[in-house]
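Take a look at the structure below.
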Amino acid sequence: MSGPILDIRGLSISLPGGADRAHAVSRLDLELHPGEITCVVGESGSGKSLTARAVMGLLPPQVHATEGTIMFEGRDLLALPPEERRLLRGDRMAMIFQEPMTALNPLMTVGRQIEEVLLVHTDLDAVARRDRILALLDEVQLPDPRRVVSAFPHELSGGQRQRAMIAMSLILDPKILVADEPTTALDVTTQAQILRLIRQLQDRHQAGVMFITHDFGVVAEIADHIAVMQHGLLVESGPAAQILGDPQAEYTRSLIAAVPSLTPRAARAGGGRRMLEVSGLGKIYRSGGGLFSKPAETHAARDVSFSLARGETLGIVGESGSGKTTVARCLVRLLKPDSGRIDLDGIDIAGLGKRALRPHRRRVQMVFQDPFASLNPRRRVREILAEGPITQGKPPEEAHARSAELLELVGLEARVADRFPHEFSGGQRQRIGLARALALEPEVLVADEPVSALDVSVQAQVLELMDDIRVRLGLSVVFITHDLRVAAQVCDRIAVMQRGLIVEQGLTADVFADPQHPYTRELFASIPGRDWTPPETARAAVAR
Amino acid sequence: MTDVAPSPAAARRGGSAFWRRFARNRAAVVGLAILGVVVLVAALAPFLYPQDPFTIAGRPLTPPLQGGFLLGSDTLGRDIASGMAHGARTSLMIGLVATAVAVVVGAVMGGVAGFYGGWVDDALMRLTEVFQTIPSFIFAILLVAILSPSILNVIIAIAVVSWPPLARLVRGEFISLRNREFVQANVLMGMSDWRIILVQILPNCLSPIIVAGSLLVATAILIESALAFLGLGDPNVMSWGFQVGAGRSVLRRAWWICTFPGLAIMLTVLAINLVGEGMNDALNPRLRERSA
């Protein structure tokens, strides 16, 4: 094998004054080899994205590479004048971004945007350019390339847009492809297709790929080499098999151990009292439509039925647009369902009006997805925790005393009660959100993707906490997630949703062992890194 | 816990950080200084010029610095400096009160429209549009003419023509905030709507309201001056606009009668605008970085 195509030596990237550390990246060494995928793995704030941007020359203003070299084809990229770096971009090195909607210009057709790369870097005539674009769109397996060429970004699905982005980056056969979380914004089935595509194309074009990700499942799926970063430092690097099978560094072990296993948990003894019985739940969204035209109807939920026993966790699994969030919102009655019953321990709350509903609100509470939007930035934690019980008629002193207990219950110190939400990290905020829901002493907890915005190590802690609290308080939980790994660890039973319908439901272990519905099978086949079992050494590291 | 929280000191620096960001805008500091002088003069007016500003103090049309007049006298021999000091009280009072009324009305209308949406929003916004389609100054003249010129009616007129933009601003903020998850959590607590609107959402859109409100004060002072200039101000209250109006017929013989009150109007409005700009920078720091 030849030498590295990209050789990063001793790279340091400084942050502007006032940041929480002086260097985003310190003395990083990293190599990219032709025809290989190097995964850079790390949690948020590890400096992995800035490394990618330093390679491309896209560092934000006030952030500079202060030390080190990035050698590419015998030249140090950091020492090149801006004009020469510009000529390299798009031609010899290309980048795929995370969010394909914002990475494409919404006012330009896809074909025109890809053509721009050719206009900048080649003298091909219009016919040659068009042929080349069509051939490439075909290569990235876009259906009907002729239609895609003249389509605007909003006319394509997320997966199609990402394919178009990949086509744009590959059009001049770059030697280096930098992909910054290219599948994070995509659904799991689409993610699987895109990963397969990147693997194939990279094989064919023999490019060196730098793949930035936080997801060890994705790493296990496509990496040849792995570099693990933490707080701007390289923790460990080596061949994929070695890092995944026998990680040396403590941090790598803990990261791998935090990846939820795909082996479902044993179902707990059921047979408790029925807490929640949902039958025939339906919700239709109507959009558009004026005086004379009929509004467009979308069935967000159709004939959804399930039941939940006391102390049980039911997972609702599905991709975006499957209706799982709509169901969650109907359960807590943020939305009024159009049909069906929601029987909460004997009372049907589906049709209740605002006033009639108020005394029952307390009994079903929700934990939200976004730790940054779910807490009022202008209220102190103490107020956030106490206002629910006070609204329900508890004396204020009692409610404030209780908020201290709640903070300890979710693993925070009682003295943080006087702080504002912005003083907490994402994981801590999610704990506060959980405490707020528990403050009302609910019987059913609806958790809508409660850990999907968190780093994997924090995710594991929050899941553990939720499980612990569920046991201690005897809560029934409806757990909405798109992540089958999380579902396997948390849920006693799961229901799989697709386009508003529950296509399959049953005990988690049964569904995982023998999925019946074709869509469920497709979902399982798409889980990144499903063939990889984290090594025992990593588990041992956590047990310690 | 492996995840680290930002330091708690960040919150305690809040107050001083506001002033640091405000002071970064030099023009805003100058504006604040001018405004400070105006406020000082207004506060000290009864001590500097204890006499009624309408009393005849000496010979008419005395130029500045003569006959004991700092800024000269007008066509009836009234002291211009005294009138300006008392006029500053009028201008500031009307500006602040009219703005306060407009902000309260606008915030309630916009908040209710943004929070409830649907037909409530439609109805309130159509009403707002009715007010916005009428040229505001002509509307204000009309209102004062119908209601008879008095300080209260001038304030009402200014407030009535000033609230629609605020209602639109607050409505926009409410629409973006009302679907935040923390508001939904409050709904799940069984919290009443008015409590969510006032206690939970409103504090989150105070910054834009304060900025818009500070600029409204300047507009209110301008409208008041213009009304007084046209003779539609309260005849028993001295104001800058009235002084300019009284001097316009002798503009070529006695330039000082119009000039000094006119300058006072200009400087005060400019100062308030600069301060508003500075508040915008200080309260919406992200906007500033984007444009820098």
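Which of the residues spanning segment A:410-436 are of a type outside the set (A, V, I, L, M, F, W, C), more than 24 Å from residue A:467 (Cα to Cα) and in a loop (DSSP other than H, G, I, E, B)? If the condition is that a residue be of a type outside the set (A, V, I, L, M, F, W, C), more than 24 Å from residue A:467 (Cα to Cα) and in a loop (DSSP other than H, G, I, E, B), then A:419 is the only one that fits. Selection over segment A:58-85 of residues that are farther than 20 Å from residue A:227 by Cβ and touching a residue at least 24 places away in the same chain (Cβ under 8 Å) gives a count of 7.
When segment B:30-57 is limited to residues that are exposed (fewer than 14 other Cβ atoms within 10 Å of the Cβ) and not hydrophobic (A, V, I, L, M, F, W, C), the one that is nearest to residue B:270 (Cα to Cα) turns out to be B:36.
Which residues, taken from segment A:422-456, are among the polar types (S, T, N, Q) and either at pLDDT 90 or above or in contact with a His (Cβ under 8 Å, 6 or more places away or on another chain) (or both)? A:428, A:430, A:452, listed by residue number. Of the residues examined, residue A:431 is not one that is basic (Lys, Arg), away from every other protein chain (no Cβ under 12 Å) and buried (at least 18 other Cβ atoms within 10 Å of the Cβ). Residue A:107 meets the conditions (1) under 28 Å from residue A:85 (Cα atoms); (2) surrounded by 19 or more Cβ atoms within 10 Å (Cβ to Cβ) in every case but one. The failed one is (2). Only one of the listed residues (A:448, A:418) is within 28 Å of residue A:275 (Cβ to Cβ), among the charged types (D, E, K, R) and at the interface with chain B (Cβ under 10 Å from one of its Cβ atoms). That residue is A:448. Scanning segment A:374-395 for residues that are at the interface with another protein chain (Cβ under 8 Å from one of its Cβ atoms) and farther than 17 Å from residue A:425 by Cβ yields A:376, A:378, A:379, A:387, A:388, A:391, A:392. Looking at A:286, A:333, A:273, just one residue is under 28 Å from residue A:480 (Cα atoms), within 14 Å of another protein chain (Cβ to nearest Cβ) and loosely packed, with under 15 Cβ neighbours inside 10 Å, and that residue is A:286. On the stretch given as segment B:13-45, residues that are free of Cβ contacts under 8 Å to residues at least 60 places away in the same chain, assigned to a helix (DSSP H, G or I) and either over 27 Å from residue B:91 (Cβ atoms) or touching a His at 6+ places or on another chain (Cβ under 8 Å) (or both) total 6. Taking the criterion of being of a type in the set (Val, Ile, Thr) and outside any helix (DSSP H, G or I), the only residue of segment B:105-140 that qualifies is B:134. Taken over segment A:96-127, the criterion of being within 13 Å of residue A:172 (Cα to Cα) and part of a helix (DSSP H, G or I) is satisfied by A:114, A:115, A:116, A:117, A:118, A:119, A:120, A:121. Within segment A:451-461, the set of residues being within 10 Å of chain B (Cβ to nearest Cβ) and closer than 22 Å to residue A:324 by Cα comprises A:454 only. Taking the criterion of being of a type in the set (Asp, Glu) and either touching a residue at least 40 places away in the same chain (Cβ under 8 Å) or surrounded by fewer than 21 Cβ atoms within 10 Å (Cβ to Cβ) (or both), the only residue of segment B:61-119 that qualifies is B:74.
Per the listing B:151, B:175, the residue uniquely touching a residue at least 24 places away in the same chain (Cβ under 8 Å), in contact with an Asp or Glu (Cβ under 7 Å, 6 or more places away or on another chain) and not small (Gly, Ala, Ser) is B:151. When each of A:66, A:38 is tested for being polar (S, T, N, Q) and either assigned to a loop (DSSP other than H, G, I, E, B) or crowded, with 19+ Cβ neighbours inside 10 Å (or both), the lone residue that passes is A:38.
Of all residues in segment B:175-190, at least one satisfies being modelled with pLDDT of 90 or more, away from chain A (no Cβ under 14 Å) and touching a Phe, Trp or Tyr at 6+ places or on another chain (Cβ under 9 Å).
Scanning segment A:14-26 for residues that are free of Cβ contacts under 8 Å to residues at least 60 places away in the same chain and closer than 28 Å to residue A:223 by Cα turns up nothing. Working carefully through the options A:521, A:499, A:493, find the one that is surrounded by fewer than 21 Cβ atoms within 10 Å (Cβ to Cβ) and touching a residue at least 40 places away in the same chain (Cβ under 8 Å). After applying the criteria, what remains is A:499. Does residue A:355 satisfy being modelled with pLDDT under 90, within 13 Å of chain B (Cβ to nearest Cβ) and farther than 30 Å from residue A:509 by Cβ? Yes: the conditions hold for residue A:355. Could you tell me how many of the residues in segment A:392-411 are surrounded by fewer than 20 Cβ atoms within 10 Å (Cβ to Cβ) and out of contact with any Pro (no Cβ under 8 Å at 6 or more places or on another chain)? Total satisfying the criteria: 13. Screening B:227, B:274, B:216 for residues that are within 22 Å of the chain's Cα centre (by Cα), closer than 30 Å to residue B:63 by Cα and away from chain A (no Cβ under 14 Å) leaves exactly one candidate, B:227. Residue A:508 falls short on exactly one of the conditions (1) within 19 Å of the chain's Cα centre (by Cα); (2) buried (at least 16 other Cβ atoms within 10 Å of the Cβ), and that condition is (1).
The values are calculated or read from the model by the stated rules, or taken from the named source; none is laboratory data. Everything quoted here is computed from the prediction, not taken from an experiment. Counting neighbours? That spans all protein chains shown, and the Cβs are built from the backbone with ideal geometry, glycine included.
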